[in-house]
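Peer 1: This structure is in structure tokens; I'll ask about it shortly.
The values are calculated or read from the model by the stated rules, or taken from the named source; none is laboratory data. Note that the structure is a prediction, hence the values are computed from the model and not measured. Don't worry about glycine lacking a Cβ; one is built from the backbone with ideal geometry, like all the others, and counts go over all protein chains shown. We work out accessible area using only protein heavy atoms, side chains counted, and drop any ligands, DNA or RNA first. Shrake-Rupley method; radii C 1.70, N 1.55, O 1.52, S 1.80 Å.
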Amino acid sequence: MRTIAMYMSSKAHLEVIVDDNLPNNPCCQHGPTVLFHRTDQSHATIEKYYACTASRDGKCSFKVAASKKSTCYQDASKPAEQLKLDYDEVRNASVSQKVYCIQCQQLFLESNAKDHNKHKLFDKLSNEILLQPTRFLAPLSMDGNEAQYFFSDSSLNCIENMLKQVKITKVICLGAPRLHEHLLVKTDIKSLLLDIDRRFHWFYDQSQYVSYNMFNHFFFGGEKAENIFNNYLMVNESTERICIFTDPPFGCRTELLAHTISRINQTYNSVNQLSQQILPTFWIFPYFMETYIQKQMPSMEMSDYQVNYTNHRTYHSGEKGLKHGSPVRIFTNVPLELFKLPVKEGYKWCSECQKSVHRTNLHCRVCKKCPSKNGATYRHCSKCNWCVKPNYVHCNACGRCTQVQGHQCSSYRKQLNCRICLTKGHMEKCCPFWRTFKHFKMAKSGCVVCGSKQHIVTNCDERKRVLKERYFLGQCENAINCVK
């Protein structure tokens, strides 16, 4: 499988190329790197190079030209092998002998206290505290490849209930340490944490934690760690049900994580001798990144639940939170009608949509859905026949509602997805549909294809019939958008 994602600026295009040959790419300290292809506006190559999969902010300086791929580079597994810290000795000691150094971010035995003179220490440890390390560990970073935000208790309880509602018995936690410890301490659901933060070695043995890079499916512990993971994927009873749960940094490259999730599914099918089964997957991400996730994993739908964090400046429900609540949502390939969200947190059941939504998300009988994504109550614009954010105004030139400030018609139109052919880059009035099917004329109100005010154009049966539209695994093809 080969995946190409493009990032554009005003002067250059940057493609991220991912394929099944990733393990053979040059390695940095975070495992196999990924191939980048930078081109200018005329699509001429500026450079091709390999760079780190985990670091998006330049903290990992590894960069090598694609032409030098055959050169031998640092083996990313060596740092883990060369660590002289005795994790087992510290973990197995009695709690009265353990001290945590806040400065070194290390758990050690009291007998080694001389190595931490004048450091700030946390020595009031208990077994209960050690079972929940994210309650006292400082986040590694608020951005970059090691960005860490920890779920609030209310969000943990909601996620736990969602897992129980679909009878999950085992969870693979990709970078969700607080959920991992919550499941181990407060539920009978099994959990394996795969995380790049090696501090968790102090608190969990390899049956509960494996040092891992989620952006290239790399196990820092080598073959032994990968075997532990493969064994965990094995389903031994008919009642066992395993899922993937990931809470990645919000600036991550979605195509890399989607590729990892695909490889986990392949391994799951291999170890269980199954064919093409896809694991239930839960991906925590902001609502405004929906198109990025669905481009890589079309079957993923967005739940209305607002995920809150304890240590994020605004992504919570407190006084300093955002006006319409946290923008973070749960994306999943599990049908949303299977989940009942907590009424006490402001959620209700929409009988028309057959799913739980926030109380501010009002059902539109024209759009035939609860349209809000950001937590505000959307309004239906009769001019563009579409539900929009309450602060949007209609632009006659674009034929769309858009933000008042900073709106430039020419640049805005290039980002539009046509609601007729579902292709990016043009408005409905410029769609090839009108040239291809000349007997149709654009309606001035309601559905632009048939003129009905009872539905929006994407739900128009006449449009779907003429374009021979078909859906498969969340992807849509029709007579126009499948012709490239």
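Peer 1: Within the stretch 19-29, is there a residue that is surrounded by 19 or more Cβ atoms within 10 Å (Cβ to Cβ) and at positive phi?
Peer 2: no
Peer 1: Sticking with this structure for a sec: Is it the case that some residue within the stretch 156-163 is open to solvent by 40 Å² or more (accessible area, probe 1.4 Å) and modelled with pLDDT of 95 or more?
Peer 2: Among the residues of the stretch 156-163, at least one is open to solvent by 40 Å² or more (accessible area, probe 1.4 Å) and modelled with pLDDT of 95 or more, which makes the answer yes.
Peer 1: Is one or more of the residues making up the stretch 144-155 assigned to a helix (DSSP H, G or I) and within 30 Å of residue 237 (Cβ to Cβ)? Spell out how you get there, then give the answer.
Peer 2: Initial filter on the stretch 144-155 (assigned to a helix (DSSP H, G or I)): 144-146, 153-155.
From what is left, the residues that are within 30 Å of residue 237 (Cβ to Cβ) are 155.
Looking for residues that are assigned to a helix (DSSP H, G or I) and within 30 Å of residue 237 (Cβ to Cβ), one finds at least one in the stretch 144-155, hence yes.
Peer 1: Counting just the residues of the stretch 30-65 that are of a type in the set (D, E, K, R) and touching a residue at least 24 places away in the same chain (Cβ under 8 Å), which one comes out least open to solvent (accessible area, probe 1.4 Å)?
Peer 2: Let us first name the residues in the stretch 30-65 that are of a type in the set (D, E, K, R), namely 38, 40, 47-48, 56-57, 59, 63.
Right, trim to touching a residue at least 24 places away in the same chain (Cβ under 8 Å) and you get 38, 40, 56-57, 59.
Details: 38: 70, 40: 49, 56: 111, 57: 67, 59: 135 Å².
Step by step, filter the stretch 30-65, then rank; the result is 40.
Results for (1) under 21 Å from the mean Cα position of the chain (by Cα); (2) open to solvent by 10 Å² or more (accessible area, probe 1.4 Å), shown as yes or no for each residue.
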residue	(1), (2)
298	yes, yes
311	yes, yes
332	yes, no
341	yes, yes
349	no, yes
357	yes, no
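Peer 1: Being more than 29 Å from the chain's Cα centre (by Cα) and surrounded by fewer than 19 Cβ atoms within 10 Å (Cβ to Cβ) is the filter here; which residues of the stretch 382-397 pass it?
Peer 2: Of the stretch 382-397, the ones more than 29 Å from the chain's Cα centre (by Cα) are 382-385, 393-397.
If the condition is that a residue be more than 29 Å from the chain's Cα centre (by Cα) and surrounded by fewer than 19 Cβ atoms within 10 Å (Cβ to Cβ), then 382, 383, 393, 394, 395, 396, 397 are the ones that fit.
Every residue, every condition in (1) modelled with pLDDT of 85 or more; (2) in contact with a helix residue (DSSP H, G or I) (Cβ under 6 Å, 6 or more places away or on another chain), yes or no:
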residue: 409; (1), (2): yes, no
residue: 420; (1), (2): yes, yes
residue: 426; (1), (2): yes, no
residue: 446; (1), (2): yes, no
residue: 449; (1), (2): yes, yes
residue: 464; (1), (2): yes, no
residue: 480; (1), (2): yes, no
residue: 483; (1), (2): no, no
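Peer 1: For residue 261, indicate whether it is among the aliphatic types (A, V, I, L, M), buried (at least 19 other Cβ atoms within 10 Å of the Cβ), modelled with pLDDT of 95 or more and not in a helix (DSSP H, G or I).
Peer 2: Numbers: among the aliphatic types (A, V, I, L, M): yes; buried (at least 19 other Cβ atoms within 10 Å of the Cβ): yes; modelled with pLDDT of 95 or more: yes; not in a helix (DSSP H, G or I): no.
In short, no.
Peer 1: Only one of (1) open to solvent by less than 20 Å² (accessible area, probe 1.4 Å); (2) assigned to a loop (DSSP other than H, G, I, E, B) is not met by residue 362, so which one is it?
Peer 2: (1)
Peer 1: Could you identify the single residue in 337, 319 that is at pLDDT 95 or above, over 17 Å from residue 159 (Cβ atoms) and either touching a Cys at 6+ places or on another chain (Cβ under 7 Å) or not small (Gly, Ala, Ser) (or both)?
Peer 2: Details: 319 fails: at pLDDT 95 or above.
Unique residue meeting the criteria: 337.
Peer 1: I'm checking my understanding of the structure. Among residues of the stretch 368-393 that are outside any loop (DSSP other than H, G, I, E, B) and of a type in the set (D, E, K, R), which one is farthest from residue 459 (Cα to Cα)?
Peer 2: In the first step, residues of the stretch 368-393 are kept if they are outside any loop (DSSP other than H, G, I, E, B); the result is 369, 379-381, 386-388, 393.
Now narrow it down to the ones that are of a type in the set (D, E, K, R): 369, 379.
Working: 369: 11, 379: 18 Å.
Once the filter is applied, the top-ranked residue is 379.
Peer 1: A follow-up question, please. On the phi > 0 side of the Ramachandran plot, in contact with a helix residue (DSSP H, G or I) (Cβ under 9 Å, 6 or more places away or on another chain) and open to solvent by 30 Å² or more (accessible area, probe 1.4 Å), is that true of residue 276?
Peer 2: Numbers: on the phi > 0 side of the Ramachandran plot: yes; in contact with a helix residue (DSSP H, G or I) (Cβ under 9 Å, 6 or more places away or on another chain): yes; open to solvent by 30 Å² or more (accessible area, probe 1.4 Å): yes.
Judged against the criteria, residue 276 is a match.
Peer 1: Could I ask something else about it? Which of the residues belonging to the stretch 181-199 are at pLDDT 95 or above and open to solvent by 20 Å² or more (accessible area, probe 1.4 Å)?
Peer 2: 184, 185, 186, 187, 188, 190
Peer 1: Test each condition in (1) in contact with a Phe, Trp or Tyr (Cβ under 8 Å, 6 or more places away or on another chain); (2) under 30 Å from residue 61 (Cβ atoms); (3) assigned to a helix (DSSP H, G or I); (4) open to solvent by 10 Å² or more (accessible area, probe 1.4 Å) for residue 178 and report the one that comes out false.
Peer 2: That leaves (2) as the condition not met.
Peer 1: Let me ask another. I'm trying to understand the selection: among the residues of the stretch 91-120, which are open to solvent by 70 Å² or more (accessible area, probe 1.4 Å) and either among the hydrophobic types (A, V, I, L, M, F, W, C) or assigned to a helix (DSSP H, G or I) (or both)? Can you show your working first?
Peer 2: So the first thing to find is which residues in the stretch 91-120 are open to solvent by 70 Å² or more (accessible area, probe 1.4 Å), and the list is 92, 96-97, 102-103, 110-111, 114-115, 117-118, 120.
Listed by number, the residues that qualify are 92, 96, 97, 102, 110, 111, 114, 115.
Peer 1: Of everything in the stretch 413-466, what is of a type in the set (Phe, Trp, Tyr) and either part of a loop (DSSP other than H, G, I, E, B) or open to solvent by less than 10 Å² (accessible area, probe 1.4 Å) (or both)? Give them in sequence order.
Peer 2: Taking the stretch 413-466 and keeping what is of a type in the set (Phe, Trp, Tyr), we get 433-434, 437, 440.
Passing the criteria: 433, 437, 440.
Peer 1: For the condition within 15 Å of the chain's Cα centre (by Cα), surrounded by fewer than 22 Cβ atoms within 10 Å (Cβ to Cβ), of a type in the set (Phe, Trp, Tyr) and assigned to a helix (DSSP H, G or I), what is the one hit in 288, 250?
Peer 2: Numbers: 250 fails: assigned to a helix (DSSP H, G or I).
So the residue among 288, 250 that is within 15 Å of the chain's Cα centre (by Cα), surrounded by fewer than 22 Cβ atoms within 10 Å (Cβ to Cβ), of a type in the set (Phe, Trp, Tyr) and assigned to a helix (DSSP H, G or I) is 288.
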